[in-house]
Amino acid sequence: MQASRLLSILMLLQSRGRMSAFALARELEVSVRTVYRDVDSLSAAGVPVYGDRGRSGGYQLREGWRTQLTGLTTGEARALLMTGLPGPAKALGLGEAAASAHLKLLAALPADWRSDAERVGARFHLDPVDWFRGAAPVDHLRVVAEGVWSERRLRMRYESWTSVSDRVVDPLGLVLKGGTWYLVARHRREPRTYRVAAIEQAQVLDERFVRPQRFDLAVFWDESTRRFEQGVYRDFATLRVSPVGLNRLRAFSPIVAQAADRTAGQADARGWRQVTVPIESVDHASREMLRLGDEAVVLEPSALREAVRRTVQQMLDSYETVQRGQRRQGNRA
C-alpha cells in the first residue's frame, strides 16, 4: 500500500506541480501525518521533493526533474488501451491522434506486456448504436467540440421539437449516449441539453466565456436525465401480465422495468401477475400496450382500457373492410 501511495504522490506532483499536504491527503484519502511520512520516504529514496512553508506553500519536485516511471500495472494499461478504441475519437476528429497515442502507449510498455495489451483492439469492439438504428448525423460535431475545448461561445441555429431558433450559448461539454451526441451548454445562465444532430448551423465565436467553477458535467448529466425520465411519466396503469408479457414490459424502459418488478404480485396458476407501471399518457400508453399483444390485460385506468379496446376494434374493422373488398372482387371474377 505504501509503495503504491508513494508512486501516486510522485505522479501527482509531476502532473500538477506544487500541492499542499492537505490537498495530497484529500486526494489519497489518508491523514496529513501519513503524507508527511511518505514525503520523507521519497526524499530518503533520492527523489528531489521540496517543501515550502507558509500559506501558499506545499510540496513540489525540483524544476526540470521528471521520472520515467509510469507506474502502470497490467490492468491499468489494458484500461487505457480500452479508452482508445475507435469510434467517438474519430467522430470528434481525433482518430489519427488516438491511433498515435495508442502506438506510443504500446511502445512505453514493457516487452512482456506489449503482446497482452495489443490483444485489446483485436478482442474488444465498441458499438454504441442500438439495434436497428443508424448513427445520428453529426455534421457540426467538430465545430461544437472546438467551442467546448477552447471555451469560446457558440452561435448556432437549433431545431427543437417546436421551432427553429438562433441562439448564442456557452458550450460546457459533450455527451455520447446511446449512439447520439448531446451538447450541454449554458443559455441565459442555465445549463441546457441540445441534440447535436438538431444543430443546423454552428460557428465558434472569438468571444470567450468563464466556465462555472462548480459545474460538473457528469453530475449534471445524471441529474438531468433522471429528471427527464421521471418527468415523462405522469400517470400509472395496472395490468395483468403473463410471464411473456412481463418480459416484454421490461423492454419498455428501465423505469417501467423497475416498477413492474417492484409491484409484481403473486403469480396465479397460469403464471399471470398484477403489476403497476408508470405511463406517459393514455394516448401514448394505448399504443404501447399493443406491443404486449394478448399477453396482458389493462385493469386500470378505465380510460386506458377503453382506449386499447377502441384501437383493437378499429384494427379489426379495418381488416374486415379489406376482407369484404377482397370477397367482392372474387365474386365478380
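Taken together, the values in this text are just the output of simple stated rules run on the coordinates, not laboratory data. Given the structure is predicted, the values throughout are model-derived calculations rather than measurements. Note: ideal-geometry Cβ built from the backbone for every residue, glycine included; neighbour counts use all protein chains shown.
General remarks:
- Restricting segment 25-54 to trypsin sites (Lys or Arg not before Pro) in coil, as DSSP defines it, with at most 11 other Cβ within 10 Å: ARG53
- Cβ-defined net charge surrounding ARG270, 13 Å radius [Lys, Arg +1; Asp, Glu -1]: -1
- VAL232-SER41 pseudo-label distance in nm [points 7 Å out on the Cα-to-Cβ vector]: 5.0
- Calculated FRET value between ALA257 and GLN203, using beta carbons and R₀ = 45 Å, to 0.05: 0.60
- Full-stretch length increase - ARG188, ASP166 - with 0.36 nm per residue and alpha-carbon distance subtracted: 6.6 nm
- Additional length obtainable on full extension of the chain from THR321 to ASP52, 0.36 nm per residue less Cα span: 87.9 nm
- Sites listed here are trypsin sites (Lys or Arg not before Pro) in segment 121-225 whose DSSP assignment is loop and whose Cβ has at most 10 other Cβ atoms within 10 Å: ARG133, ARG188, ARG189, ARG214.
- Kirkwood Rh and Cα Rg combined as Rg over Rh, evaluated for segment 179-333: 1.19
- Taking the Cα centre of segment 200-319 as origin and assigning +1 to Lys and Arg Cβ atoms and -1 to Asp and Glu Cβ atoms, the resulting dipole is close to 380 debye.
- Loop-located GluC sites (Glu not before Pro) in segment 228-288, at most 16 other Cβ atoms within 10 Å (DSSP): GLU280
- Cβ-Cβ FRET estimate between GLN213 and ARG142, R0 fixed at 30 Å, reported to 0.05: 0.65
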